[in-house]
Amino acid sequence: TGTYCNTTITPSVVLKNYGINTLTNVDILYEATGIPQQTYSWTGTLASGATTTVVLPVMTVNSGTATFTVQTAMPNGVSDENNANDLKTSAFTAIADALPLTVKVSTDCYGYETYWRIVDAASNVVLSGGNQTVALPGGTQNADVGGAGSYGDGTTHIVESCLSAGCYTFEIYDDYG
């Protein structure tokens, strides 16, 4: 999940034994949008109801938004009697050759009045946060406490992301003015 600042990722999955027998091996089949399915053969000892994190081999994915799909097959070398819990998907974004970015916004006593955005050289909003009902450039005093993305009063918000190399403008608006 999340955003990766390159197209080389190391996926990890949480494997849970929903069966009544101890799990000693299982095939983990995984793929990402546009990338062929790969198989990882896990071996170990996983008691009924227990979990373990499995780190899969490094894979190169396409730049952009994608879906990671993982499923298990052949637990302990036999067909799964209940395959309803064998599949999981997760969305993520990979940006080739990007730079990591941390945006840290601390609000005043009226956090819901805050909206910020990062704009690229072509005036496209590439990242934003805060109350989306704030009318730009601020000062209209029409924002609602329950507006989408509203921040709390006197709070700090940290957004981790990444941007491709280029020129950007950081803008922050206050609905009060």
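The values are calculated or read from the model by the stated rules, or taken from the named source; none is laboratory data. What you see is a predicted model; the values in this text were computed from it and never measured. We place every Cβ from the backbone using ideal geometry, glycine too, and count neighbours over all the protein chains shown. Side chains included, ligands, DNA and RNA excluded: accessible areas come from the protein's heavy atoms. Shrake-Rupley method; radii C 1.70, N 1.55, O 1.52, S 1.80 Å.
Values for this structure:
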item: Pick from the stretch 129-145, criterion surrounded by 15 or more Cβ atoms within 10 Å (Cβ to Cβ) and not polar (S, T, N, Q), ranking: nearest to VAL159 (Cα to Cα); result: GLY129
item: Checklist (1) assigned to a strand (DSSP E or B); (2) surrounded by fewer than 17 Cβ atoms within 10 Å (Cβ to Cβ); (3) not polar (S, T, N, Q) applied to GLY149, failing item; result: (1)
item: Count of the stretch 114-128 residues which are under 18 Å from VAL159 (Cβ atoms) and either in contact (Cβ under 8 Å) with a residue 24 or more places away in the chain or touching a helix residue (DSSP H, G or I) at 6+ places or on another chain (Cβ under 6 Å) (or both); result: 9
item: Filter result (part of a helix (DSSP H, G or I) and small (Gly, Ala, Ser)) within the stretch 89-125; result: GLY111
item: Residue identified as in contact (Cβ under 8 Å) with a residue 12 or more places away in the chain, of a type outside the set (S, T, N, Q) and out of contact with any strand residue (DSSP E or B) (no Cβ under 7 Å at 6 or more places or on another chain) among ALA135, ALA165, ALA94; result: ALA135
item: Residue under evaluation SER128, criteria (1) outside any loop (DSSP other than H, G, I, E, B); (2) over 18 Å from THR93 (Cβ atoms); (3) small (Gly, Ala, Ser), criterion not met; result: (2)
item: Yes/no for ASP86 being charged (D, E, K, R) and either without any contact (Cβ under 8 Å) to a residue 24 or more places away in the chain or under 14 Å from CYS5 (Cβ atoms) (or both); result: yes
item: Selection count, the stretch 47-88, where residues are aliphatic (A, V, I, L, M), within 29 Å of SER164 (Cα to Cα), in a loop (DSSP other than H, G, I, E, B) and open to solvent by 60 Å² or more (accessible area, probe 1.4 Å); result: 1
item: Test: residue in the stretch 38-46 that is open to solvent by less than 70 Å² (accessible area, probe 1.4 Å), in contact (Cβ under 8 Å) with a residue 24 or more places away in the chain and out of contact with any strand residue (DSSP E or B) (no Cβ under 7 Å at 6 or more places or on another chain); result: no
item: Residue within the stretch 102-116 that is surrounded by 14 or more Cβ atoms within 10 Å (Cβ to Cβ) and among the basic types (Lys, Arg) present; result: no
